[in-house]
Amino acid sequence: MAELVTTSTGVHYDDLIGGTNVSVVAQNVKVTAGTAMARGTLLTITDGTAAATAKAGTANAILAAPVSTTDTVATVYVKGEFNREKITVADTDTIGAHEAELRNVGIYLTSLKG
């Protein structure tokens, strides 16, 4: 009798979600094709379309899953508790510069550091 062998790589927790004190809420939004973004990218949603938040822009979401250059829809987090060290921001920008505006929309930041 042949033996069935299954290999599993397991589950990896990437630390983006910072806790369960605030329920995580996600939604699908449009993205402009041609721009790849990594999970955890800070976003600005305007008129139903998301883009990476520019320095001095107003952030209101976090990318939930990577987006390739051919994607036109992305899943984003619009509420929850997230680790500040795992959020990707624009060059020369800081997550601290967006903390108050994120709090206003129900996104709270925590830290991995003790």
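Can you tell me which condition L112 does not meet? The list is (1) closer than 22 Å to T20 by Cα; (2) at pLDDT 95 or above, and all the others hold.
(2)
Starting from residues that are touching a Gly at 6+ places or on another chain (Cβ under 7 Å) and surrounded by 20 or more Cβ atoms within 10 Å (Cβ to Cβ), keep the ones in segment 74-97 and report whichever is nearest to N21 (Cα to Cα).
Step by step, filter segment 74-97, then rank; the result is F82.
Could you identify the single residue in K79, K55, K86, K30 that is at pLDDT below 95 and at negative phi?
Step by step, each of K79, K55, K86, K30 is checked, and only K55 is at pLDDT below 95 and at negative phi.
Can you find a residue in segment 2-14 that is among the hydrophobic types (A, V, I, L, M, F, W, C) and in contact (Cβ under 8 Å) with a residue 24 or more places away in the chain?
no
Can you confirm whether A38 is of a type in the set (G, A, S), at pLDDT 95 or above and in contact with a Phe, Trp or Tyr (Cβ under 7 Å, 6 or more places away or on another chain)?
No.
The values are calculated or read from the model by the stated rules, or taken from the named source; none is laboratory data. Since this is a predicted model, take the numbers as computed values, not measurements. Note: ideal-geometry Cβ built from the backbone for every residue, glycine included; neighbour counts use all protein chains shown.
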